[in-house]
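Worksheet: one structure, shown below.
No lab work stands behind these numbers, since they all come straight from the coordinates. Computed from a predicted structure; not experimentally measured. Cβ placement follows ideal geometry from the backbone for every residue including glycine, while neighbour counts extend to all protein chains displayed.
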């Protein structure tokens, strides 16, 4: 199945795009999505090994969360403030 993933903040700048559509197995977890993204961006695969916040349908999720093709997926770096 194909999923669409949106990138935010420094991650968007680092990858050079705001959104990408990728192919993942069905069923797929967010970890599967991150693994597919690492294959899609081989020169920046290490980005997807770093701690990233993941969201599905505007809710934060972990790597085990199951995704559907119609889900709104997003990845962004952890936010720090002070």
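Round to the nearest 0.05 the FRET efficiency obtained for residue 76 and residue 2 when R0 = 22 Å and r is the Cβ-Cβ distance.
Working: r = 21 Å, r/R0 = 0.96.
Efficiency at R0 = 22 Å is approximately 0.55.
With the biggest extent put first, the Cα atoms of the range 39-82 measure 34, 27, 16 Å across the principal axes. Using a Gaussian network model of the chain whose springs link C-alpha atoms within less than 10 Å, name the residue from 59, 44, 18 with the highest mean-square fluctuation. Fluctuation is largest for 59. Footprinting exposure proxy ranking of 56, 17, fewest other C-beta atoms within 10 angstrom first, gives 17, 56. Placing dummy labels 7 Å off each Cα toward the beta-carbon, the span from residue 69 to residue 18 is 2.5 nm.
Please order 37, 15, 60, 53 by the number of other Cβ within 10 Å, starting at the fewest. Intermediate values should be presented prior to the final figure.
Values: 37 23, 15 18, 60 10, 53 15.
By the 10 Å Cβ count, ascending, the order reads 60, 53, 15, 37.
Its DSSP H runs of at least 4 residues, each contributing -39,500 (n - 2.57), put the calculated 222 nm mean residue ellipticity of the chain at -6000 deg cm²/dmol, to the nearest 500. From the alpha carbon centroid of the range 35-82 to that of the range 6-29 is 7 Å.
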